[in-house]
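Structure first, commentary second.
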Amino acid sequence: RGKRAFIAGIADDNGYGWAIAKSLAAAGAEILVGTWVPALNIFETSLRRGKFDESRVLPDGSLMEITKVYPLDAVYDTPEDVPEDVKTNKRYAGSSKWTVKEVAESVKQDFGSIDILVHSLANGPEVSKPLLETSRYGYLAAISASSYSYVSLLQHFAPIMNPGGASISLTYIASERIIPGYGGGMSSAKAGLESDTQVLAFEAGRKHGIRVNTISAGPLRSRAAKAIGFIDMMIDYSLENAPLQKELSAEEVGNAAAFLASPLASAITGAVLYVDNGLNAMGVGV
Ligand code: NAD
């Protein structure tokens, strides 16, 4: 049978999550999606009204099918963790069972198991502030939404992942090199995510026989990236300085993710794979 993938962090057709879903669907996988609760309504409505139909077209001409969309807020692990003001918030009250543990339980109930887990989400409320001016709250919120969210997802989904399964997250080179403007503790969060990729590769490899890798992606004009405010500059910088002088398409990252999730990558785990037109290899701008 085909593989089943759960992709956390899709709320429109512009980001890496969507592109990864498409590449996996093109390779024959069944697609389940986890969408941030406050973005769920617009996403489902747009999907239903055909707003994404053009971007749903796969290489063979068919349309990507999303079997089910689950509401998800990856900063909460169990219902007990959800504060009262969030619980009663209008954007949350209409949905239920959206903590990480509950979503994993729902997926298990609905489908039994998955083969591929994708983490394509990040959030840092103070991302536009330099680290030197970031509050403790902002820093910890960035880590919670962007790093621990992955630990939690894998913790809860690994038990329902089939042996030989694979998990992928998305990181950014600001974890290891200075990228002014990627603030609020987001650079710290990505450093954590990359380090955790290694430890989790060991632990989940030994315990569940699954692989854990991360893609260090180049700049893409996604909704999240536009919110940071410097994305056009980063795209221009890459065009000027990378070994490959072309704009990076989300599809290229999607295809790399499909490779990492496939048996072609059966001996690759604990890796950071750069999908950035080679920009990471440059020592100076040219
Ligand atoms: P995106 O806006 O498409 O994806 C981010 C998603 O995270 C959104 O759908 C948002 O709703 C979701 N999200 C935020 N907080 C959440 C929460 N608490 N629970 C569940 N979902 C939540 O943007 P993107 O740029 O494609 O981001 C996907 C991943 O790619 C992120 O990890 C990002 O850091 C990484 N990345 C992006 C770039 C870039 O230039 N766009 C470069 C390297 C890495």
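Remarks
- Approximate shape of the range 188-286 as ellipsoid semi-axes (Cα gyration tensor, √5λ), whole Å, largest first: 28, 15, 13
- Residue order by solvent-accessible surface for V284, V151, V100 is V284, V151, V100, largest first, with ligands and nucleic acids left out and a 1.4 Å probe.
- Each other residue within a Cβ distance under 10 Å of L58 adds +1 if Lys or Arg and -1 if Asp or Glu, for a net charge of 0.
- Å³ per residue enclosed by the Cα convex hull of the chain: 134
- For K87, the accessible surface of its heavy atoms amounts to roughly 100 Å² (probe 1.4 Å, protein chains only, rounded to the nearest 10).
- Mean-position separation - Cα centroids, the range 4-35 and the range 38-87, in angstrom: 10
- Percent RCO, i.e. relative contact order, over the chain, from Cα pairs under 8 Å lying at least 6 residues apart: 19
- The 3J(HN,Hα) values that the Karplus relation (6.51, -1.76, 1.60; θ = phi - 60°) gives for the range 37-50 are, in residue order, 3, x, 9, 4, 4, 4, 5, 5, 5, 4, 4, 5, 7, x Hz. Gly and Pro appear as x.
- Share of carbon and sulfur in the accessible heavy-atom surface of the range 99-156 [1.4 Å probe, %]: 55
- With contacts taken as Cα pairs under 8 Å at a separation of at least 6 residues, the range 1-155 carries a relative contact order of 27 percent.
- Within-15-Å neighbourhood charge of V100 [Cβ basis; K, R +1; D, E -1]: -3
- Estimated purely from DSSP H runs of n ≥ 4, each contributing -39500 (n - 2.57), the mean residue ellipticity at 222 nm for the chain is -11500 deg cm²/dmol once divided by its residues.
- Per residue, the range 22-146 exposes 54 Å² of accessible surface when a 1.4 Å probe is rolled over the protein heavy atoms with every protein chain present.
- Net charge of neighbours whose Cβ lies under 15 Å from the Cβ of G165, counting Lys and Arg as +1 and Asp and Glu as -1: +4
- Counting only heavy atoms of the protein chains and using a 1.4 Å probe, W18 has close to 10 Å² of accessible surface.
- Ligands, DNA and RNA aside, I268 has an accessible area near 60 Å² when probed at 1.4 Å.
- For R91, R4, the ranking by accessible surface with the largest value first comes to R91, R4, using a 1.4 Å probe.
- Of F259, F157, F111, the residue with the largest accessible area leads and the full order is F259, F111, F157 (1.4 Å probe).
- Look at the alpha carbon pairs under 8 Å that are at least 6 residues apart: their mean separation over the length of the range 180-286 gives a relative contact order of 36 percent.
- The range 209-230 and the range 154-191 have Cα centres separated by 9 Å.
The values are calculated or read from the model by the stated rules, or taken from the named source; none is laboratory data. Please read these numbers as outputs of a predicted model, since none were measured by experiment. Every residue, glycine as well, gets a Cβ built from its backbone with ideal geometry; the counts of neighbours run over all protein chains shown. Side chains included, ligands, DNA and RNA excluded: accessible areas come from the protein's heavy atoms. Shrake-Rupley method; radii C 1.70, N 1.55, O 1.52, S 1.80 Å.
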